[in-house]
Amino acid sequence: GGGGGCVTLRGAQIRDLLDAKHNVLFDCDGVVWNGETAVTGAPEVVSLLKQRGKRVFFVTNNCTRPRENYVQKFSRLGFADVAEEEIFSSAYCSAAYLRDVARLQGKVYVIGCGGVMKELRDAGVPVAEEGDAEPGASIYTCPLDPDVKAVLVGYDENFTFMKLAKACCYLQSSECLFLATDPDPWHPLRGGRVTPGSGSLTAALETASSRKATVIGKPSRFMFDCISSQFGLDPARSLMIGDRLETDVLFGSNCGLATVLTLTGVSTLQEALAFRDSQEPQQKHCAPDYVVESVADILQALEE
Ligand code: PLP
Ligand code: CA
């Protein structure tokens with residue numbers, strides 16, 4: 001995959017593309033919803049695809065919720081019958097990686113949020129306790145747990161200098177794994193605001209430790225391997241639909257999937273065309289095969 005032509009799809013072409021695919025992977029934010037609002041037509045598209053016998057998966061870099069919490073969100077936003085098994089988040093996949101791939105012998109030190117903690121607990125991966133932030137604790141005296149064998153960084157609204165300092169100490173041992181839930185730089189919020197993403201916190205720790213994190217979320221292949229190990233997907237019969245070129249489309253390219261950019265989220269058609277026309281092979285991998293205005297275009301195409 002990679003080096004897509006950015007072809008804008010219309011009715012019959014969308015139908016032909018879907019006829020050739022059995023699995024549809026949706027990114028979440030910017031594709032099926034924006035924050036707490038469903039993208040118009042998205043719930044109907046998901047239902048219709050399932051009715052037509054397609055397998056549908058949701059692949060999100062948002063590590064703030066555990067899977068069961070996503071099930072509730074889908075239901076609240078009008079998506080009928082989205083099952084926990086269909087949802088692959090960077091938190092769930094990070095826990096799966098530590099348990100099944102790294103086979104961690106020891107504890108993980110987490111810079112992250114509730115979603116990551118819950119998935120680690122569900123996977124039976126031991127987490128180093130933060131040790132009640134004692135008043136007066138300093139970078140000289142804060143306790144370090146000798147059983148820590150991995151550091152995992154994700155989105156953390158309670159990120160502190162102390163957490164960065166501790167993680168940095170753990171990473172001085174070359175035997176300590178360094179993982180990041182996802183590399184996202186920032187995310188759009190309501191009202192034109194943005195929030196820094198996991199990638200910005202990871203970058204701080206990469207600089208402090210002179211090491212590079214292993215990324216679990218998109219655009220890394222691991223999320224696709226995780227789905228594949230459970231459902232046996234054929235990349236040639238799978239489609240990735242996303243709104244961010246450097247994460248979703250690059251992920252699809254890395255995994256050998258056909259890619260669709262939808263314009264209801266972060267990236268624009270102009271950015272897609274710039275990637276397509278770039279001379280850099282790495283940039284070309286961020287160019288989607290196809291472009292639609294919205295996933296709602298699929299609804300129209302299938303109902304015609
Ligand atoms: N991480 C956080 C903290 C977010 O708020 C978001 C989007 O809202 C994401 C990641 C990206 O999620 P997705 O991969 O579904 O676009
Ligand atoms: Ca997105």
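The values are calculated or read from the model by the stated rules, or taken from the named source; none is laboratory data. Predicted model only: the values in this text are computed from it and were never measured. Reconstructed Cβ throughout: ideal geometry from the backbone, glycine too, with neighbour counts over all protein chains shown.
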*List every residue pair whose Cβ atoms lie under 8 Å apart, where the two residues are 6 or more positions apart in sequence or sit on different chains, the first residue falls within region 57-72 and is near ligand 1 (Cβ under 6 Å from one of its atoms), and the second residue, located anywhere, is among the basic types (Lys, Arg).*
ASN61/LYS218
_Step by step: first the residues of region 199-219, then only those that are within 15 Å of CYS63 (Cα to Cα) and free of Cβ contacts under 8 Å to residues at least 40 places away in the same chain, then the one that is surrounded by the fewest Cβ atoms within 10 Å (Cβ to Cβ). Which residue is that?_
SER200
_Just to be sure I understand the filter: pairs with C-beta atoms under 8 Å, separated by 6 or more residues or on different chains, first member in region 6-31 and farther than 17 Å from ALA42 by Cβ, second member within 16 Å of ligand 2 (Cβ to nearest atom) and of a type in the set (Asp, Glu). Which pairs pass?_
none
*Restricting attention to region 9-24, does a residue exist that is within 16 Å of ligand 2 (Cβ to nearest atom), touching a helix residue (DSSP H, G or I) at 6+ places or on another chain (Cβ under 9 Å) and at pLDDT 95 or above?*
yes
_Within region 114-132, take every residue that is modelled with pLDDT of 95 or more and out of contact with any strand residue (DSSP E or B) (no Cβ under 8 Å at 6 or more places or on another chain) and give me the one that is surrounded by the fewest Cβ atoms within 10 Å (Cβ to Cβ)._
GLY124
*Taking region 240-297, which residues are β-branched (Val, Ile, Thr) and farther than 23 Å from GLU44 by Cβ?*
THR247, VAL249, VAL266, THR268
_Residue list for region 41-72, restricted to those being among the hydroxyl-bearing types (Ser, Thr, Tyr) and either touching a helix residue (DSSP H, G or I) at 6+ places or on another chain (Cβ under 6 Å) or within 23 Å of GLU157 (Cα to Cα) (or both)_ = THR60, THR64, TYR70
*Could you tell me whether region 182-203 includes any residue that is farther than 14 Å from LEU25 by Cα, away from ligand 1 (no atom under 14 Å from the Cβ), of a type in the set (Phe, Trp, Tyr) and modelled with pLDDT of 95 or more?*
no
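Conditions (1) farther than 14 Å from THR181 by Cβ; (2) of a type outside the set (A, V, I, L, M), marked per residue:
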| position | (1), (2) |
| --- | --- |
| GLY53 | yes, yes |
| VAL56 | yes, no |
| THR60 | no, yes |
| PHE74 | yes, yes |
| ALA80 | yes, no |
| ILE87 | yes, no |
| SER90 | no, yes |
| CYS93 | no, yes |
| ILE111 | no, no |
*Just one of (1) within 13 Å of ligand 1 (Cβ to nearest atom); (2) in contact with a Pro (Cβ under 8 Å, 6 or more places away or on another chain) trips up PHE224, so point out which.*
(1)
*State whether the residues of region 250-265 include one that is surrounded by fewer than 21 Cβ atoms within 10 Å (Cβ to Cβ) and touching a Phe, Trp or Tyr at 6+ places or on another chain (Cβ under 6 Å).*
no
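Anything in region 15-46 that is in a loop (DSSP other than H, G, I, E, B), away from ligand 1 (no atom under 16 Å from the Cβ) and surrounded by 16 or more Cβ atoms within 10 Å (Cβ to Cβ)? List them, or say none.
Within region 15-46, LYS21, GLY41 meet the criteria.
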